[in-house]
Amino acid sequence: MSYLLARPDRVWTLTLEHVQLSAVAVVVAILIGVPLGILVTRTRWLEGPVINTAGVLYTVPSLALFAMLIPFTGLGARPAIVALILYSLLAIIRNTVAGIDAVDPRLLDAARGMGMTGRQRLMLVELPLGLPVILAGVRVATVSAIGIATVAAYVGAGGLGVLIFDGIRTIDGDRIVAGAIPISILALLSDWSLARLGGAARRDVAPSAGGA
Amino acid sequence: MIRLEGVSKRFGGAQGAPAVDDVSLVVGAGELCVLIGPSGSGKTTTMRMINRLEVPTGGRILVDGKDVMTLDSVALRRQIGYVIQQVGLFPHMTIEENVAIVPRLLGWPAERRRRRAEELLELVGLAPDQFRRRYPRQLSGGQQQRVGVARALAADPPIVLMDEPFGAVDPITRKGLQRELRRIQEEVRKTIVFVTHDIGEAFLLGNRIVLMRDGRIVQDAAPAELLRRPADPFVTDFIGEDRGLRALEYTTLAELATPAPAGSTGPFGAVLPADLSIVEGLRRLAAEGRAVADARGFWVGDDRGGPSAQVTYQDLVATLGEALAPEGAIERS
């Protein structure tokens, strides 16, 4: 703990970098993944290719992916963010599809029968009702992005991984701990807050009571 | 007005039996037309083609003289109310938001939507202040059904389609909802197409009953007509054993009455309204006895005053006998 106590400023800076890397990646992954997921529910034959591609990307070891991206993106935060986006896509796309698929078809029939356009059905019915499941995907993506962002220090992206790699190189357990603890806290904190957000969304869309 | 001309629907290509087969039907303005039949008879599909939730594979459907296939489907649906099985209320919207959804789609200002929702909740017997902000899951099944009806009426559509709207509630609640719908219909006079498989419901609600089987119309008639002159044994079967008793509830005294014979001495005391059913008439007769009846029969009148016709005991007994005779003993025309 001594490093953490001796250099709180440095740990703080690296923590912010770490948050920034993960957050930017997850936000961009949402902006790409949710529309892709919606597209898949509209164009069913895309489901196989899209989910499989995202699945294959997800299985590439992170270090290898970072290294493979360097020729295209150079060193630094860029390959890290690109890689984190690619990793996050699977959970987000898959959960967007699952969330929309889980909407009661009778509600969609009612929506259509009342004269909603496809877009209105999406915005007023499918997305609000699918939101808890979509948020669960974001949660998984966020927690794993925070973990994987550690490795990004290897390609010069900064973040708390810097402390861990330094610690390994200099055989300094203190530094490793000073990097690992904030990472765990970040992961737990984001998991907890996204779970709360998902809970709030779920309360809103709990299935209606049946019977009389 | 809704007019179906030789409408057919085949699902999945040309082979296989059609779901709806050459159905022609006219539903007049203000009429409540019940489509009834066993599962797979094509009643729901027939209804769903009216607002283009299904596309006919043959024939055409006219709504107020316009072929629905030439209209914009979204605009068409916004002027046709729609109530589905199991309500289909949106669980993430409040009762008020649910009711006002079509007005919202139509771009009504918020204040007007709020007032309209209030009006409709009153109409279906739910206190607006109590229910407006609740969510569907906080309501009983019967209350949800009422909201479903209110939602269908929100934009004041001339036509309402109802697909087994009361199928999912318990029998007692259902009875209440049916009576409520009758009262509402008297107030709003919509052109309603109502799908059900409950024959009692059909008789309670319909001005017209269209009985379907295997995608075709077996009989299309007023309730009394269906009871007294079933087109074939399937109709008799479907109506069930208490057909005779039902017939008495749906036959009016006017249909039984004959003009008074020349030189008749005229009515004694009161007359019975001619639009009473036979069952109601018998009840009144039992209660009022000699005040309305004499040795030959009793007199019925219309609301324009004056007795117009007489129902003889002979005719009455003949009708009762016919209605209560065992199945098969009845002549089918």
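The values are calculated or read from the model by the stated rules, or taken from the named source; none is laboratory data. Only a predicted model underlies this, so the values are computations on that prediction, with no experimental measurement involved. Neighbour counts are summed over all protein chains in view; Cβ atoms, including those assigned to glycine, are modelled from backbone coordinates with ideal geometry.
Listed here are the residues, each with its yes/no results for (1) at pLDDT 80 or above; (2) more than 30 Å from B:ASP156 (Cβ to Cβ); (3) out of contact with any helix residue (DSSP H, G or I) (no Cβ under 7 Å at 6 or more places or on another chain).
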position: B:PRO171; (1), (2), (3): yes, yes, yes
position: B:ARG174; (1), (2), (3): yes, no, yes
position: B:PHE194; (1), (2), (3): yes, no, no
position: B:LEU205; (1), (2), (3): yes, no, no
position: B:ARG228; (1), (2), (3): no, yes, no
position: B:PRO233; (1), (2), (3): yes, yes, yes
position: B:PHE238; (1), (2), (3): yes, yes, no
position: B:PRO261; (1), (2), (3): no, yes, yes
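Each row is one residue, and each column tells you yes or no for (1) within 16 Å of the chain's Cα centre (by Cα); (2) under 11 Å from B:LYS9 (Cβ atoms); (3) outside any loop (DSSP other than H, G, I, E, B).
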residue: B:GLY30; (1), (2), (3): yes, no, no
residue: B:PRO38; (1), (2), (3): no, no, no
residue: B:THR45; (1), (2), (3): no, yes, yes
residue: B:ARG48; (1), (2), (3): no, yes, yes
residue: B:PRO56; (1), (2), (3): no, yes, no
residue: B:GLY59; (1), (2), (3): no, yes, yes
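Selection of region B:154-184 for residues being within 12 Å of chain A (Cβ to nearest Cβ), part of a helix (DSSP H, G or I) and touching a residue at least 12 places away in the same chain (Cβ under 8 Å) yields B:THR173, B:ARG174, B:GLY176, B:LEU177.
For region B:132-146, a residue qualifies if it is in contact with an Asp or Glu (Cβ under 8 Å, 6 or more places away or on another chain) and either polar (S, T, N, Q) or more than 8 Å from every other protein chain (Cβ to nearest Cβ) (or both), and the qualifying residues are B:ARG132, B:ARG133, B:ARG146. Considering (1) within 14 Å of chain A (Cβ to nearest Cβ); (2) in contact (Cβ under 8 Å) with a residue 60 or more places away in the chain; (3) not β-branched (Val, Ile, Thr), the lone condition that B:ASN207 does not fulfil carries the number (1).
Rundown of residues vs (1) under 20 Å from A:LEU160 (Cβ atoms); (2) aromatic (Phe, Trp, Tyr); (3) touching a residue at least 40 places away in the same chain (Cβ under 8 Å), yes/no style:
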{"residue": "A:ILE30", "(1), (2), (3)": "no, no, yes"}
{"residue": "A:GLY37", "(1), (2), (3)": "no, no, yes"}
{"residue": "A:THR43", "(1), (2), (3)": "no, no, no"}
{"residue": "A:ILE51", "(1), (2), (3)": "no, no, yes"}
{"residue": "A:ALA54", "(1), (2), (3)": "no, no, yes"}
{"residue": "A:TYR58", "(1), (2), (3)": "no, yes, no"}
{"residue": "A:PRO71", "(1), (2), (3)": "no, no, no"}
{"residue": "A:ILE81", "(1), (2), (3)": "yes, no, yes"}
{"residue": "A:LEU89", "(1), (2), (3)": "no, no, yes"}
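If we scan region A:131-146, do we find a residue that is of a type outside the set (Ser, Thr, Tyr), surrounded by fewer than 16 Cβ atoms within 10 Å (Cβ to Cβ) and over 30 Å from A:ARG42 (Cα atoms)? No; the residues of region A:131-146 include none that is of a type outside the set (Ser, Thr, Tyr), surrounded by fewer than 16 Cβ atoms within 10 Å (Cβ to Cβ) and over 30 Å from A:ARG42 (Cα atoms). Of all residue pairs spaced 6 or more apart or on separate chains, those with beta-carbon atoms under 9 Å, a first member in region B:10-21 that is surrounded by 10 or more Cβ atoms within 10 Å (Cβ to Cβ) and a second member that is β-branched (Val, Ile, Thr) and part of a loop (DSSP other than H, G, I, E, B) are B:ARG10/B:THR57; B:PHE11/B:THR57; B:PRO18/B:THR57; B:VAL20/B:THR57.
Restricting region B:97-127 to residues that are in contact (Cβ under 8 Å) with a residue 24 or more places away in the chain and more than 14 Å from chain A (Cβ to nearest Cβ) leaves a set whose member that is surrounded by the fewest Cβ atoms within 10 Å (Cβ to Cβ) is B:GLY125.
Restrict the check to region A:198-211 and report whether at least one residue is among the charged types (D, E, K, R), part of a helix (DSSP H, G or I) and more than 14 Å from chain B (Cβ to nearest Cβ). No, every residue in region A:198-211 fails to be among the charged types (D, E, K, R), part of a helix (DSSP H, G or I) and more than 14 Å from chain B (Cβ to nearest Cβ).
Checking each residue in region B:75-96 for being over 18 Å from B:ILE159 (Cα atoms), more than 8 Å from chain A (Cβ to nearest Cβ) and crowded, with 24+ Cβ neighbours inside 10 Å picks out only B:ILE95.
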